[in-house]
Amino acid sequence: MKKEIKKIITKNAGETMALGKKLAKEIGEVRIICLNGELGAGKTTFSQGFLRSLGIKGALTSPTFVVMKQYLLGKNIFNLKNIYHLDTYRVESEDVINLGWKEIVENKNNIILVEWPEKIEKIIPDKSLWLDFKWLDKDKREITFYEIC
Ligand code: ADP
Ligand code: MG
């Protein structure tokens, strides 16, 4: 079941990044964040804010070509160990399973961000957060948060 939590309109990339930062601060029990929306909708921009907020340094490039990027976390209050950032646009569920998906999602010390989650929907665990990114105009995006339960 998909339950809408909130809808937010951002007026520029910085605001979308700030939204990602905010979510990282209030992550609670959430471990899987699905980022849905067309190309250029702001999924990677949001992820960059999220990663920065958890202290990840250096370039935060899109995992478009490598499919999955792993970031090791330093000491943190949530006891999180890794963030995995995936872009599954070009792959299928089976390919992601072969990257060690099962162990990654079963470990509660991991956080997973997935761009193009509909491509691997059958292997997304039931309890996750789902964000729909919608392109409104050049600088405006509508971001709807859903709880999957
Ligand atoms: P996706 O990962 O969904 O393909 P990206 O985050 O890579 O999208 O790209 C979004 C592009 O749109 C970036 O170039 C960004 O600067 C631009 N942009 C403009 N306005 C916004 C906004 N409100 N939110 C996010 N990105 C925006
Ligand atoms: Mg992207």
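Readers should treat all values here as calculations from the given coordinates under stated rules, not as data from a laboratory. Computed from a predicted model, the values in this text were never measured in an experiment. Using ideal geometry, Cβ is built from the backbone for each residue, glycine included, and neighbour counts are taken over all protein chains shown.
Give the stretch 88-111 a look and list any residue that's touching a residue at least 40 places away in the same chain (Cβ under 8 Å) and either within 16 Å of ligand 1 (Cβ to nearest atom) or not hydrophobic (A, V, I, L, M, F, W, C) (or both), or say none.
Those that are touching a residue at least 40 places away in the same chain (Cβ under 8 Å) and either within 16 Å of ligand 1 (Cβ to nearest atom) or not hydrophobic (A, V, I, L, M, F, W, C) (or both): Lys108, Asn110.
Kindly indicate which of Gly74, Gly20, Gly14, Gly55 is more than 7 Å from ligand 1 (Cβ to nearest atom), touching a helix residue (DSSP H, G or I) at 6+ places or on another chain (Cβ under 6 Å) and of a type outside the set (Val, Ile, Thr).
The match here is Gly20.
Where residues in the stretch 27-47 are under 15 Å from Asn110 (Cα atoms) and assigned to a loop (DSSP other than H, G, I, E, B), which of them is farthest from ligand 1 (Cβ to nearest atom)?
Glu29
Which of the residues belonging to the stretch 30-88 are within 12 Å of ligand 2 (Cβ to nearest atom) and aromatic (Phe, Trp, Tyr)?
Across the stretch 30-88, the qualifying residues are Phe46, Phe65.
Give the residue, chosen from Val105, Val114, that is within 12 Å of the chain's Cα centre (by Cα) and not in a loop (DSSP other than H, G, I, E, B).
Within the list Val105, Val114, the selection yields Val114.
Which of the residues belonging to the stretch 47-91 are over 21 Å from Asn36 (Cα atoms) and β-branched (Val, Ile, Thr)?
Ile56, Ile77 - these are the residues of the stretch 47-91 that are over 21 Å from Asn36 (Cα atoms) and β-branched (Val, Ile, Thr).
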